[in-house]
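Structure first, then comments.
The values are calculated or read from the model by the stated rules, or taken from the named source; none is laboratory data. Just so it is clear, the structure is predicted and the values come from calculations on it, not from any experiment. Glycine also receives a Cβ, built like all others from the backbone with ideal geometry; neighbour counts cover every protein chain displayed. With ligands, DNA and RNA removed, areas are computed over all heavy atoms of the protein, side chains included. Shrake-Rupley method; radii C 1.70, N 1.55, O 1.52, S 1.80 Å.
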Amino acid sequence: HHVRDKNNETATAKTCFNFLRKTGRSFSPVVEELHPELALPVCIFYLILRGLDTIEDDTSIPLEIKEPLLRNFKDYLDEDGWNYTGNRLEEKDRELLVQFDNVIVEFKKMKPVYAAIVRDVTEKMGNGMADYARRSASEKIGIESIAEYDLYCWYVAGIVGEGLTRLFVEAELAETDLINQGLYKPMGLFLQKTNIIRDIREDRDDGRRFWPEEIWSKHVDHFDDLFQPENRGLALSSSSEMILDALQHVCDCLSYLAGLREQSVFNFCAIPQCMAIATLELCFCNPALFDSSLKISKGDALGLVVEAGRGMENVCHVFCRYVDQIQRKIQPEDPYYLGSRAKCDEIRTFA
Ligand code: PS7
Ligand code: MN
Ligand code: MN
Ligand code: MN
Ligand code: MN
Ligand code: MN
């Protein structure tokens, strides 16, 4: 078993791991436990994308400033001492951008093949976020079609999955097949869709909408109607359809995970997926989803880390268990009753 040599870490690497702990509570344990060849590169990768997302999320930055920041972010990675202090004070990850020079120092020391992958993902994600920010700043406020929703999720998470898979292969910790199969896309989409479903209320309070109009407009006339107490039934039907849409990716995610051989890479990939299915189960048929972001308990999360770490068979058990709980909650009057039941049956047969 390989262990990272924390005593030989530079001061900037230590600072980066501290930022990872502060800004990525769910990712930091799995990143720190990664094979030592990849722990620091993936930590830097994470912080770069977290920095980009902090700019994307700040609704106080006007589009004329935000758009070039997002599109040019990949170039700042080579600018010694670059930082950004323009975020509004409340933005929780502001400090990362203020001290971004530490991330740049470590990015420049990264193996060139790894750095090229990270830069490529940063460029594509920055441009995708900028396209979306531009569209939502003009007449439209949010995502309209399911195709647009899938494209947004591809930019902010699918591409990350592709980049991470390339890193695993470059580090010889995964087989080349894993890239060719393209299953990194559903891996990213499943995580991102779960985040968008869970954060519906928080995002709406920030003036942002990620649930596609094509889905919610079947149930309510206006987006804000989802949050009115008298519309809880219609809001829950919308959430059922959103969750059913996310569940379409589950079988592909399990196929991706089944292709991993190295234990630390397996844990890194499998644990967030198990947290996601547990989160979807918590959100399913839960009216509190429209009051605040729901979070699985610390105890449940800890149990999932242990279970997922015991290998593929246990990960399948985790998925079967949560899918079974979802299936028990589906109401016969739910318009997605049959579709959801069929999907749950399919996943349990597959797993
Ligand atoms: C493993 C094949 C480089 C480890 C990990 C920072 C979380 C933040 O949190 O609503 O509500 O503010 O603004 C596939 C992670 C996809 C991405 C996307 C899995 C980078 C990440 C920046 C691929 C994670 C899914 C924004 C964009 O949503 O979030 C495998 C490492 C993975 C970061 C996530 C997040 C997007 C995000 P929040 P938002
Ligand atoms: Mn964010
Ligand atoms: Mn964001
Ligand atoms: Mn979110
Ligand atoms: Mn957010
Ligand atoms: Mn799909």
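Tell me the trypsin sites (Lys or Arg not before Pro) within the range 72-103 that lie in a loop according to DSSP and have at most 10 other beta-carbon atoms within 10 Å. Display every interim value, and only then the final one.
Working: sites: 74, 88, 92, 94; in loops: 88, 92.
Qualifying residues, ordered by number: 88.
Charges at C-beta only: +1 for Lys and Arg, -1 for Asp and Glu. How large is the resulting dipole of the chain about its Cα centre, in Debye rounded to 20?
740
Just tell me, in residue order, which DSSP H segments of the chain are both 24 angstrom or longer along the helix axis (alpha-carbon based) and at least 0.5 in mean Kyte-Doolittle hydropathy.
Long hydrophobic helices here: 36-57, 263-283.
Take the solvent-accessible surface of the protein heavy atoms, probe 1.4 Å, and return the percent of it on the range 265-351 that carbon and sulfur atoms account for.
56
So with the 1.4 Å probe, I'd like the accessible area per residue for the range 275-351, rounded to whole Å².
Ligands and nucleic acids excluded, the result is 51 Å² per residue.
For the chain, place one equal point scatterer on every Cα, skip the solvent, and apply the Debye formula. What is log10 of I(q)/I(0) at q = 0.08, 0.10 Å⁻¹?
-0.39, -0.62
At 1.4 Å probe radius, can you tell me the per residue accessible area of the range 110-266 in Å²?
40
Please find, in a Gaussian network model of the chain (springs between Cα atoms separated by less than 10 Å), the residue of 333, 106, 214 whose mean-square fluctuation is greatest.
333
Any aspartates and glutamates with Cα under 17 Å of the residue 111 Cα? List them, leaving off those in the same chain fewer than 8 positions away.
Straight-distance partners of residue 111: 9, 37, 78, 120, 170, 172.
Here are some pairs, 92/193; 74/298; 109/295; which of them have Cα atoms lying more than 27 Å apart in this structure?
74/298; 109/295
Under 25 °C and 0.890 mPa s, how fast does the range 49-197 diffuse according to Stokes-Einstein, given a Kirkwood radius computed over C-alpha pairs? Answer in µm²/s, whole number.
The Stokes-Einstein estimate is 150 µm²/s.
Return the whole-Å distance between the Cα centroid of the range 1-71 and the Cα centroid of the range 223-281.
That distance is 24 Å.
Highest GNM mean-square fluctuation, the chain, Cα pairs closer than 10 Å: which of 136, 340, 240?
In the Gaussian network model the winner is 136.
Select from 276, 180, 59 the residue farthest towards the positive end of the dipole of the chain; place +1 on Cβ of Lys and Arg, -1 on Cβ of Asp and Glu, and compute about the Cα centre.
Projecting each Cα onto the dipole axis, the largest value belongs to 276.
Work out how much length residue 300 to residue 345 would gain on full extension: take 0.36 nm times their residue separation and subtract the Cα-Cα distance, in nm to one decimal. Display every interim value, and only then the final one.
Working: separation 45, 0.36 × 45 = 16.20 nm, distance 2.40 nm.
Additional length available on full extension: 13.8 nm.
Ignoring ligands, DNA and RNA, what percent of the accessible area of the range 95-190 is carbon or sulfur (1.4 Å)?
Here it works out to 50 percent.
For residue 329, list the lysines whose Cα falls under 18 Å from its own Cα; do not include residues on the same chain fewer than 8 positions away.
The reachable lysines, counting only those whose Cα sits under 18 Å from residue 329, are 343.
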